[in-house]
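Remarks on the structure that follows.
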Amino acid sequence: MELFIPALLTIITAATPLLFAALGEMVTEKSGILNLGVEGMMVMGAITGFVIVNYTGSVTLAIGASILAGVLMAALFALLVLTFHASQVPTGLALTIFGIGLSALVGQNMIGIAYEGIPKISIPYLSDIPVIGTLLFHQDILVYISLIMVALIYLFLNKTRAGLILRAVGDSHDAAHAMGYSVMRIRLMATLFGGGMAGLGGAYLSLAYSPLWVEQMTAGRGWIALALVVFASWRTGRILFGAYLFGGISILQLHAQALGIGVPSQVMSMLPYLATILVLVITSSDQTQIRLNAPASLGRTFQPSR
Amino acid sequence: MNSNPDYLIELQGMTKAFPGVLANDSVDLRIEPGEVHALLGENGAGKSTLVKMIYGILKPDSGTVHFQGKPVIIDTPARARDLGIAMVFQHFSLFDSLSVVENISLGMDRKVDLSTLANEIIQVSERYGLPLDPHRHVYTLSVGERQRIEIVRCLLQNPKLLVMDEPTSVLTPQEVKKLFITLNRLAEEGLAILYISHKLDEIKALCHKATILRNGKRVATVDVDTESTSSLATMMMGEEMKKNQEKRAAVVGEIRLQAHGLNMIAPDSTGISLKDIHLEVRAGEVVGIAGVAGNGQDELLKALNGEDSCKNNECIIIDGKHSGRLDPNARRKAGLASVPEKRLGHGAVPDMNLVDNAFMTGFSRMGLLVKGLINYRKTRNFAHQVIDDFAVKTPGSNVQADSLSGGNLQKFIIGRELSQRPDILIVSQPTWGVDAGAAQTIRQALRELAAQGAAMLIISQDLDELMEISDRIGAICGGRLSKFYPTAEMTVEKVGLLMAGVSLDEGDTNAA
Amino acid sequence: MLPNLVKRQLPSRSMVYLSPVLAFLLSLLAGVILFIIMRVSPLAALHAFFVEPLSSAYNLSELGVKATPLVLIGVALSLGFKAGVWNIGAEGQLTIGGLCGGAVALFFYEKEGIHIIPLMLLAGVLGGMAWAAIVAFLRVKFNANEILTSLMLSYVAGLFLNFMVHGPLKDPDGFNFPESRLFSDSAIIPVILEGTRLHLGAIMALISVVLGWVILSRSLLGYQIKVAGSAPAASEHAGFSKSRIIWVTLLTGGGVAGLAGVLEVAGPIGQLLPNISPGYGFTAIIVAYVGRLHPVGALFAGLLMAVTYLGGETAQIQLNLPVAVTGVFQGLLLFFLLACDILIYYRIQFGKPALAVEKS
């Protein structure tokens, strides 16, 4: 039992940044935009949050700044892709390369500074329940937000008219344009939202998961989030499941030594990446699923005819 | 600018220019309530541009619009819908992954909750004979059903003017009849209909008045009843339509291409699977396959061309040899060439020039590859030969394929295949969206190749074209191929039954 | 009077070549702004970044050393990107190539023989190919997105190298530092200019440019690559096998990245370290793009990127600027290039769009 609760806590903390980033990217992709810059937006969110919390001490400001950093990065992407009709794949790659570089630049004086981590919030009474209380009702604010976002995004996409329009734009931008919907505006909003969520995911990394700054501290989580969207076949509930599944893999990584498994640490560190490949292989081999669920105009440049 | 309040809509001096072309040059159009008004013209005459301005998709460079006597500016589709203008597009604006009711909801400006809307859909669809299940997903529906969604969506908005852009090109003749009954009924209820088409018999059957466009200009507005189809055709094309040559009896030789129990399972549920295809084409004959779009035409062409290869080698036989597992290049060497329906991106590479595009399918038969390297001198000569022989209008061979007009690109693609002297040629939609002159050239060239002893298979949605050009005719429906019958024994109605998947042998074929 | 974008009737050929130049100038401008924000004299910074690396024979030779892997991989990636095969895991293929070549070098430790270097190169190429083959196999067989799999494998490769230099390949006399032994002389790539570090790999990079050019512009394979990338359905119609193109481009990219890896460890580095590349595999993506996915373009772009690497080092020493500036500059350059590319298809027009018909 004394190993069990920390293990489950690890799942939650490892899953939360993935959950934020993957949810955001899913909404972006639902509108037909493939933003491969998640890693870059996340890492910018991480450094921005860390810098702000160190200068102001305010967690709220730090989280807000992380969101803003993600949104600004996404705005850069949107400018290129939506205004300049640049193709989405290289633009996303550029965003990642740029984000990694810029975060290293911004964070050059932040290396070695420690931060105690954002406080946990206990929900009165509920957090006193044994086991479940600690797990579910004694978490930091970002964990709560991430779970609320799951519900909100599910409701938005499936129960609201705005969500319907977003899905329609992702299904056929030409048809949506012909009906008079502003493809550009809707995609811009979806892209910015994805950026904000990636920024939040980054904030969780540098404020809660391991409250310090290391260059490239996202370590491929942005890319794993992209894979999670495919794994979840663009469904909100499955993103939640997928993110926590990957959180589960991280327990192995962190607790293997404690459990006395004699595997080199590097090999354990490979697990999330290998798992991502495995998950991609399994989901991708079912093309019917992908084709029915993937937004049909994903990644295609939209240029309204004349 | 006076406007007569009797008119529902009155357009004056509508002008719209695009880079390189004046699409509409001071066009006028007037429609009264309850009138079915035809907008008639060849491909490229400017019909689509005009209706897009009416529906607020395009902004006119100049011109005025009066609606119910009042001057209006229609700057968005929402404004058009607000006025009471509804439009059924030629290429449906539908979202495949959404349900019927979701699709319709997206096209409505008033906010209705989905269950109320579903009920309204059922009511309207029953009232006008347009059966539709609101909860089906669009990708499961046939083309005809998809068109019904568009029509029902329009009707739900209680429009005053319904614009229909080439609505019958995706329907069987029987479905066309049903549609006309619905449209007549709507007109009787006072709805004005602007009906865009280049099919003269349809216009004669349905419309009261017709405005004829040619090269972006209005040629005339006439009462349809006082005109003959040939007088309408003359106005549309500018000269007396050339009478097609008499079709000579084909000199039929041995079997060149054979499909035998060909099955092809679609990679996913949105595609069409080919089921037990039997087919034979002999040297010197033209075999036509009719069918409504999306019934497996593309899949059939890909299977015969080898883009999708068969599991067993015996299902396709070229000149007596089992060829089911050959790739397209090997089939090309064996004498089989093909022209797919989609020109840009399938038949040709949009951003490559004509020389490179000539190389695409010509390299092995024309010997354009020397010692593993592309011989550009030979390739350029080949491209020029195609351009000259088939009168492709282009500033040169170094322009990109996507800068050519549809008709010229089609002439180039068909020319590229014909110049390789294939023994078997499969062509899908040879004249789809092609202007009249180019269509004439293309049909002529196809007939000549058949006369020289090639086996010709033509897949087309244009029934008139198939009736004119083919010696034997059949139809494809839901991935199944009908029997084939000599064209001389067939009528449009009988082919229509085949297109709907009805076998002629079950009923009394003579009485049909 | 806002500027309008007007679609050109034909793509502009001159803009194809001008847009990288324009992008470079815009990146310089952005760099100046960045330096001002960082309170560094822009002139001094630009001098350190772009003049210093070109200012002495030795610096020029260092430029060649840095450009070698960038050009090699940039050329190979151009082929793949042109075909729409997004191998962005060249960094991992480089790592495995370096590791395999390095393992051969260590196997022949303190042995003589002219067979050692060819064997190392072969091992590097095969290692890189094998790493890329995983990506190709998963793509062809299971349709797994190659962007994600190749990238994930880069992380795995990095960890694997790390494990090897901490474990099996660690220098037995190295005081437990995570490094291999220094390679013997017979396992070091010959230097082509006395007194510099410029090695035989530079010549291979030049050969790769010529070879890539011939393949892309004149061979059937190059033609198939272009068609597959720009119109996949047309490629199928012509009968070009998609799987074959995926295999060929990935194996080429992997093999060449592997070669670049072994050239690094057997050239400037001379041993195996936990980290053998400052992100050459990723920067090569920018090289390929800035070079217009053309081998000759990749040569120029590779040299330019080498300048930014070298300039970054100079700026660090002279002005105490962080190395990360290099990454920012490279990212900016790619951004500006993608933005400037719109000028190939559109031109900027000020004022109201003209009513008159344009004649071609």
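Roughly speaking, what is the stretch gain from B:ASP113 to B:ALA330, that is 0.36 nm per residue apart minus the C-alpha to C-alpha distance, in nm to one decimal? Numbers along the way, then the final one.
On the way: separation 217, 0.36 × 217 = 78.12 nm, distance 5.67 nm.
Contour length minus Cα-Cα distance gives 72.5 nm.
Of all the Cα-Cα pairs you can form in the stretch C:1-159, what percent are over 22 Å apart?
It works out to 65 percent of all Cα pairs.
Take chain C, drop everything but the C-alpha atoms, weight them equally and run the Debye formula without solvent; then report log10 I(q)/I(0) at 0.09, 0.14 Å⁻¹ to two decimals.
Computed log10 I(q)/I(0) values: -0.55, -1.20.
Hey, for a label at A:LEU274 modelled as a point 7 Å past Cα toward Cβ, could you say which residues of the stretch C:148-167 have their backbone N under 18 Å away?
Correct set: C:149-167.
What ranking, highest mean first, results for peptides B:381-390, B:131-140 when packing means the other Cβ atoms within 10 Å averaged over each residue?
Values: B:381-390: 18.9, B:131-140: 16.0.
The most tightly packed comes first, giving B:381-390, B:131-140.
For A:GLY163, what is the net charge nearby, where nearby means another residue's Cβ is under 12 Å from its Cβ and Lys, Arg count +1, Asp, Glu -1? Kindly include the intermediate steps, with their values, before the conclusion.
On the way: positive: A:LYS30, A:LYS159, A:ARG161, A:ARG167; negative: B:GLU102.
Summing Lys and Arg as +1 and Asp and Glu as -1 gives +3.
Going through the cross-link list B:LYS59/C:LYS82; B:LYS59/B:LYS199; A:LYS159/B:LYS178; C:LYS111/C:LYS141, which pairs have a Cα-Cα distance over 32 Å in this structure? If you can, show how the numbers build up before the last one.
Values: B:LYS59/C:LYS82 38 Å; B:LYS59/B:LYS199 28 Å; A:LYS159/B:LYS178 37 Å; C:LYS111/C:LYS141 43 Å.
Where the Cα-Cα span goes over 32 Å, the pairs concerned are B:LYS59/C:LYS82; A:LYS159/B:LYS178; C:LYS111/C:LYS141.
Packing-wise, with mean Cβ within 10 Å as the measure, how do C:251-259, B:81-89, C:311-319 rank, highest first?
So the order, starting with the most tightly packed, is C:251-259, B:81-89, C:311-319.
Hey, got the average number of other protein chain Cβ atoms within 10 angstrom for residues in A:272-285?
6
Taking only the Cα atoms of the stretch B:131-283, how large is their convex hull per residue, in Å³?
Per residue, the Cα convex hull of the stretch B:131-283 comes to 197 Å³.
Provide the net charge surrounding C:THR249, with neighbours chosen by a C-beta distance below 14 Å and charges set as Lys +1, Arg +1, Asp -1, Glu -1.
Numbers: positive: C:LYS82, C:ARG139, C:LYS226, C:LYS242, C:ARG244; negative: C:GLU146.
Every neighbour counted, the sum reads +4.
Out of residues 5 or more away from B:SER338 or on other chains, whose amide H comes under 5 Å of its own, with H placed 1.01 Å from N in the peptide plane?
Distant-sequence amide H within range of B:SER338: B:ILE426.
Across every pair of different alpha-carbon atoms, what Kirkwood hydrodynamic radius in Å does the stretch A:77-155 reach? Before the final figure, lay out the partial values.
Numbers: mean 1/r = 0.0599 Å⁻¹.
It works out to 16.7 Å.
Using only helices, what value at 222 nm comes out for chain B when you add -39,500 (n - 2.57) per DSSP H run of length 4 or more and divide by the total residues, to the nearest 500 deg cm²/dmol?
Estimated from H runs of four or more residues: -9500 deg cm²/dmol.
What residues have an amide H closer than 5 Å to that of A:ASP140, excluding those fewer than 5 places away on the same chain, when H is modeled at 1.01 Å from N in the peptide plane?
Long-range HN contacts for A:ASP140: A:ILE121.
Using alpha carbon centroids, what distance separates the stretch C:69-107 and the stretch B:121-197, in Å?
Each part reduced to its Cα centre gives a spacing of 58 Å.
Considering the Cα positions of the stretch B:326-446, please state its Rg to one decimal place and its Dmax as a whole number of Å.
13.3, 43
Tell me, what HN-Hα J-couplings in whole Hz come from the Karplus equation 6.51 cos²θ - 1.76 cosθ + 1.60 at θ = phi - 60° for each residue of the stretch B:104-114, using x for Gly and Pro?
5, 4, 5, x, 9, 8, 7, 8, 10, 6, 4
Over the Cα atoms of the stretch B:7-53, what is the Rg over Rh ratio if Rh follows Kirkwood? Walk me through the numbers on the way to the answer.
Values: Rg = 11.5 Å, Rh = 11.5 Å.
Computed over Cα atoms, the ratio is 1.00.
Which whole number in µm²/s is D for the stretch A:16-91 by Stokes-Einstein, with the Kirkwood Rh taken over Cα pairs at 10 °C and 1.306 mPa s?
Value of D from the Cα-based Kirkwood radius: 122 µm²/s.
For the pairs C:LYS66/C:LYS170; C:LYS7/C:LYS226; B:LYS302/B:LYS411; B:LYS275/B:LYS494; B:LYS16/B:LYS177; B:LYS321/B:LYS371, flag any whose C-alpha to C-alpha distance is greater than 32 Å.
In this structure, B:LYS16/B:LYS177 exceed 32 Å between Cα atoms.
Using the Cα atoms of the stretch A:117-174, I'd like the radius of gyration and the largest Cα-Cα distance, Dmax, both in angstrom.
Expressed in Å, the Cα Rg and Dmax of the stretch A:117-174 come to 17.3, 55.
Tell me which of A:PRO130, C:LEU198, A:VAL53 sits at the most positive position along the dipole axis of the protein assembly as shown, charges placed on C-beta atoms (Lys, Arg +1; Asp, Glu -1).
C:LEU198
In whole Hz, what ³J(HN,Hα) sequence does the stretch C:204-209 give by Karplus (6.51, -1.76, 1.60; θ = phi - 60°), x for Gly and Pro?
4, 4, 5, 4, 4, 5
Suppose every K and R has +1 on its Cβ and every D and E has -1 on its Cβ; what is the size of the dipole of the protein assembly as shown about the Cα centre, in Debye to the nearest 20?
Roughly 1280 debye for the protein assembly as shown.
Find out how many positive minus negative residues lie around B:LEU171, taking Lys and Arg as positive, Asp and Glu as negative, among other residues whose Cβ is under 13 Å from that of B:LEU171.
Result for the neighbourhood of B:LEU171: -1.
Per residue of A:286-294, how many C-beta atoms from partner chains lie within 10 Å of its own C-beta, taken as a mean?
Other-chain Cβ atoms within 10 Å of each residue's Cβ, averaged: 4.
Relative to the longest principal axis of chain C, what angle (0 to 90°, nearest 10) does the C-alpha long axis of helix C:220-230 take?
Rounded to the nearest ten degrees, it is 60.
If you fit an axis through the alpha-carbon atoms of helix C:146-166 and take the longest principal axis of the Cα set of chain C, what angle between them do you get, 0 to 90°, nearest 10?
Approximately 20 degrees, to the nearest 10.
Straight-line reach from B:LYS342: which aspartates and glutamates have Cα under 17 Å away, leaving out those fewer than 8 places along the same chain?
Correct list for B:LYS342: B:ASP298, B:GLU299, B:GLU307, B:ASP308, B:ASP351, B:ASP402, B:GLU417, B:ASP435, B:ASP462, C:GLU236.
Could you tell me, in Å, what Rg and Dmax come out for the Cα atoms of chain A?
For chain A, the Cα-based Rg and Dmax read 19.3, 66 Å.
Over chain B, one equal point on each Cα, no solvent: what is log10 I(q)/I(0) by the Debye formula at q = 0.07, 0.08, 0.13 Å⁻¹?
Once normalised to I(0) and log-transformed, intensities are -0.42, -0.56, -1.36.
Normalised by the empirical 2.2 N^0.38 Å for globular proteins, what value does the Cα Rg of the protein assembly as shown take? All intermediate terms of the calculation are to be shown ahead of the outcome.
Numbers: Rg = 32.8 Å, N = 1178, 2.2 N^0.38 = 32.3 Å.
Rounded to two decimals, the normalised Rg is 1.01.
Quick one: give the max-minus-min coordinate of the C-alpha atoms of the stretch B:372-508 along each principal axis, largest first, in Å.
Result for the stretch B:372-508: principal-axis Cα extents of 60, 29, 26 Å.
Count, for each residue of C:325-332, the Cβ atoms from other chains sitting within 10 Å of its Cβ, then give me the mean as a whole number.
That average works out to 6.
Skipping prolines and chain starts, which residues have an amide H placed within reach, meaning under 5 Å, of the one on B:ASN263, given they are 5 or more residues away or on another chain?
B:ASP276, B:ILE277
Convert each backbone phi in the stretch B:134-150 into a coupling constant with the Karplus relation 6.51 cos²θ - 1.76 cosθ + 1.60 (shift: θ = phi - 60°), then list the ³J(HN,Hα) values in order as whole Hz, x for Gly and Pro.
Listing the rounded values in order: x, 9, 6, 7, 4, 5, 8, 9, 6, 4, x, 5, 4, 5, 4, 4, 4 Hz.
More than 13 angstrom separation, counting every C-alpha pair in the stretch B:31-102; what % is that? Let's see the in-between values first.
On the way: 1875 of 2556 pairs.
Summing the P(r) tail past 13 Å for the stretch B:31-102 gives 73 percent.
Sort the following peptides by mean Cβ neighbour count (other Cβ atoms within 10 Å, averaged over residues), highest first: B:433-446, B:295-308. Present the calculation step by step, with values, prior to reporting the outcome.
Working: B:433-446: 19.1, B:295-308: 23.4.
With the highest mean Cβ count within 10 Å placed first, the list reads B:295-308, B:433-446.
Roughly speaking, what % of Cα-Cα pairs in the stretch C:91-218 are separated by over 22 Å, rounded to a whole number?
50 percent
For B:SER503 and B:LYS275, calculate 0.36 nm times their separation in residues minus their Cα-Cα distance, and state this gained length in nm to one decimal.
Residue separation times 0.36 nm, minus the Cα-Cα distance, leaves 80.5 nm.
Just so you know, all these numbers are worked out from the coordinates, no wet-lab data involved. Note that this is a predicted model, so its numbers are computed, not measured. Don't worry about glycine lacking a Cβ; one is built from the backbone with ideal geometry, like all the others, and counts go over all protein chains shown.
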